[in-house]
Each structure stands twice: as C-alpha cells, then as structure tokens.
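Engineer: Please see the structure below; I have some questions.
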Amino acid sequence: MHDPLASLYPHHLATVCERADKALALGGFDHLLVAAGTPLRKFLDDQDYPFVANPHFRHWLPLDGAPGSWIAYTPGAKPKLVFVQPRDYWHVVPEAPRGYWVEHFDIVIVRSAAEAIAQLPAGKRAVIAAACPGIDGVEVNNPQPVLDCLHWHRSYKTPYELALMREASRIGTRAHRAAEAAFRAGRSEFGIHLTYLAAARQTDAELPYASIVGLNEHGAVLHYTHFDRLPPRESRSFLIDAGASAAGYASDITRTYAAPQAGEFQALIDSVDAAQQGFVAKVRAGQSYPELHIHAHHVIAGVLREHGFIRMSAESAVESGVSSAFFPHGLGHPIGLQVHDVAGFQASERGGSIPRPEGHPYLRMTRVLEPGMVVTIEPGLYFIDMLLAELRDKPVAGDVDWAKVDHFRQYGGIRIEDDVACTDGAPENLTRDAFATPA
C-alpha cells in the first residue's frame, strides 16, 4: 500500500534544507548540528523523565525515540543522520532507521553518544540543542539569528506537515469521542482519562501535552490536571482539552458537554460553539490575530448579555474588563511540532517581537495570519471564583446578574477549540473535518 507521506516528504525535506541554508547564511555558520537530545535525570534518582526529542530534530524526520542521535547538515550536501543504537540489555534498543525517509539521509549507526559526536563535522557550527544536560565535546550555542530564522519559517507548514497534523486530529477526535461516551456513562475523571488514552493508543508521555479532564466545577480551572478517582454524585458538565501526536506533530482539541438534565448549560455551550465557528471562518490571509482576539471578546460579551449574565452592552463589557473575567485567556496560539508553537510574537525572520494588545497579557500570538500557518481557535466562558470575586469589587458589578452567575458555577465553564489552517482561500478546520469523518 502506498504511503502518501512518502510522496510529500521529499518536498518537505528540500524546504527544510532551503530554510537551513538561509539561517546559516544569516548567522555566518558552515554547519547546522541538531541534537535529538537525551533524557533528563530525575533529581537524586537513577531514573529519567520521559524522553521527547528536540522539535528541531523532529522537523527533519519522523523519528522521536532516538536519544543521543544527531542531524548534521552542510549546505549543498545530503543531510547526515548519526543514529545511536546502544549496546544495552536493560532497555529496548532503538531499531535501525527504516521507512520512506531513510533514502534521503546519509545514515551512520554508532553505539554511544561519544561515538556520535565523533561523526559531527568540524568548523563553524550552529548547534541546536538543550543546554541541560550538557554534551561533552560539543559547544551548544543555539545562535539567535539561526533560531529566529528557523522559527519564523516553521510557521509555514509544508503539505507533509499538514498531512501529519490531519492524522493527529483524527487520532485526537477518535479519543474525544470515547471520552464523551465515558462521561455519558458516569465515569470518573480518571476513568475518562484512561478511556482517552486507550482510544488514542498513546501513553501520557506520548501525548503532546497533559490532558485536562474536568467534571462540573473543575471546568473552571483552566489547566485542571488532577483526575479525581471517584465520580461525582452527579455529573452535570464535562470539559476535556486533550490532543494526540503523529510523528511529532500535535493536535489540540477542546470540547465541552452538558448532561441531559443541564439544558440551560447546553444552550450556553451552543452559543459559544456558534461564536467559535464564526471566529474560525475569519482565519484568512491578512487577518490580524490580535484583532480577531479582540473581536472574540466582543462576541463572547454578546453571549453573556444574550443569556442574561450581564446587563451592559458588549462594548462596555470589553472596555471595562468584564469580558476578561469570564474569558481570561487568549483566543489561541500557533500549533505544529509544539502545542504552543514558536514565533507567535516574532516580527520577521530576523527576530523582533510584536507586543500583545494592552489588557490581554495571555494572548499567545500577535502576528498577521498567512497561508501555511496553523492556529488554534479556543474561546472560553468560565465561572472562576477568584476572577468573579475581583469583579464584584468593581463599579460595574451592578450590571452583573450575580444570582445567575452563582447558579452557573456548578458547571465550571466552556471551552471549544479547533486546529485551523490558514490557506489562500477558506480556512481548513482540521478538527471539525476529523469529527465529520465517521468513527
């Protein structure tokens, strides 16, 4: 059976090489050395934290479990993979590289990290690697001009990368469907999480980020990762923010569900969902992401007014900060090799930073959207005790229906998140497309 990735990969690698050429020229280097990295040892222990390869390494090839390995690239030459396959009877030894990509590399297999370093070219080297743990025999410099250029161009996904992100979305939506069924069956947060892992067929360490699985009031904790072992007496609402990985590329998906008896909360979910789809439709070339974020605040303020939580206009709710009490995070972020992908604030391939709009400190992207970018669109509406207590002390508190707000605390909150690719035309919603595919 033909692997469609095999036909897409040569163009991807050529693009990565071209970008590396430019980055090395900007930094004045002869070679690019990219370390897969090595596991970080736990403090005062003989065990390591789960290993995750350097995203720059994974950008070159679909290889995540190769600690100690390196990519060495010199402009004009075939890229070289120095692959560490240790002599080890304590652990599973990585298999020799195989697959659609191996013919595009000069591959050298060695037995130790020290042997790998001996295979690296000498000269003026840009070394992209974690500073900790240190690497004997290699000066890790992570030169900023090189990183700025590589990060800037990573914003524009190749067709190969988009194919992998679609696959990550398919895996994630399959697991989300299973998690919803577990919620409907009355399982605990921990039980739902285990169901998610089984459906994704990925371990916690393989997921791109720690899953958020919150029942009832726990949906108001933006990064709730506690996992109660026992189900609540009544499961009224369920918020799950969880993704999946495909060859190092991430999906990031959030859904919120109401129990059948919580019709009032379902109506609010429906309004946020309609708003979210309106924001997705604006993921088009030339759209300022910060302006889209501000627009989202006005629309969410309108939802608050429509459902009777506030009596002021949407404009007043945004200007006075009331909308931020219910929607305190950013609209989304770049996504790709990392969940919160690089260069969200970058001004150009030479670096620089575009500031966030005043009053919105948690927005994770300030760039103008362009074809090839993939971003999340994840508006939220929450009932967070700390923020509501601060709102009660403001002069605008009289324009809030506090009895209604207090009643909705039992549901926690709502977040709906899709991964959306900006194209030359209409946006491609990777998440909704995956959900539209029959299970």
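The values are calculated or read from the model by the stated rules, or taken from the named source; none is laboratory data. Keep in mind that this is a model prediction, so the values were computed, not measured. In this analysis, Cβ positions are derived from the backbone assuming ideal geometry, glycine residues included, and neighbour counts consider all displayed protein chains. To get the accessible areas, we keep the full protein, side chains included, count just its heavy atoms, and leave off ligands, DNA and RNA. Shrake-Rupley method; radii C 1.70, N 1.55, O 1.52, S 1.80 Å.
Engineer: Binning at 10 Å from 0, report for the chain what percent of all alpha-carbon pair distances ends up in each bin.
Structural biologist: 4, 20, 28, 24, 15, 7, 2, 0
Engineer: Further question: Quick check on the stretch 6-62: take the gyration tensor over C-alpha atoms, sort the square-rooted eigenvalues as a ≥ b ≥ c, and tell me if it's rounded (a/c under 1.5), prolate or oblate.
Structural biologist: Here the stretch 6-62 falls in the oblate category.
Engineer: I would also like to ask the following. Explain nothing, just compute: Karplus ³J(HN,Hα) = 6.51 cos²θ - 1.76 cosθ + 1.60, θ = phi - 60°, for every residue of the stretch 75-92 in order, whole Hz, x for Gly and Pro.
Structural biologist: Karplus values, whole Hz, x for Gly and Pro: x, x, 10, 5, x, 10, 10, 9, 9, 8, 10, x, 7, 7, 9, 8, 10, 6.
Engineer: What are the ³J(HN,Hα) couplings of the stretch 246-260, residue after residue, when phi is run through the Karplus curve with 6.51, -1.76, 1.60 and θ = phi - 60°? Round to Hz, x for glycine and proline.
Structural biologist: 9, 6, x, 9, 9, 10, 9, 10, 10, 9, 10, 10, 10, 5, x
Engineer: List the pairs from Lys80/Lys124; Lys282/Lys394; Lys22/Lys157; Lys80/Lys157; Lys22/Lys282; Lys22/Lys78 whose alpha-carbon separation is above 25 Å, in the order I gave them.
Structural biologist: Pairs exceeding the cut-off: Lys282/Lys394; Lys22/Lys282.
Engineer: Under the rule of -39500 (n - 2.57) per DSSP H run of 4 or more residues, summed and divided by the residues of the chain, what mean residue ellipticity at 222 nm is obtained, to the nearest 500 deg cm²/dmol?
Structural biologist: Calculated mean residue ellipticity at 222 nm is -11000 deg cm²/dmol.
Engineer: What do you reckon, how do Ser320, Ser271 stack up by accessible area (1.4 Å probe), largest on top?
Structural biologist: Ser320, Ser271
Engineer: Using DSSP to call loops (not H, G, I, E or B), can you name the GluC sites (Glu not before Pro) in the stretch 229-331 whose Cβ has at most 14 other Cβ atoms within 10 angstrom?
Structural biologist: Within the stretch 229-331, the qualifying GluC sites (Glu not before Pro) (loop, at most 14 other Cβ atoms within 10 Å) are Glu234.
Engineer: For the stretch 331-439, which GluC sites (Glu not before Pro) are both in a DSSP coil and crowded by at most 10 other Cβ atoms within 10 Å?
Structural biologist: Passing sites in the stretch 331-439 are Glu358.
Engineer: Through the Karplus equation 6.51 cos²θ - 1.76 cosθ + 1.60, θ set to phi - 60°, convert the phi angles of the stretch 296-313 into ³J(HN,Hα) values in whole Hz; use x for Gly and Pro.
Structural biologist: 4, 4, 5, 5, 5, 4, x, 5, 4, 5, 4, 8, x, 7, 10, 10, 8, 6
Engineer: Here's another thing I want to ask about it. For Ala347, what residues show an amide H to amide H distance below 5 Å, using hydrogens built from the backbone and excluding near sequence neighbours?
Structural biologist: HN-HN under 5 Å from Ala347: Gly352, Ser353, Ile354.
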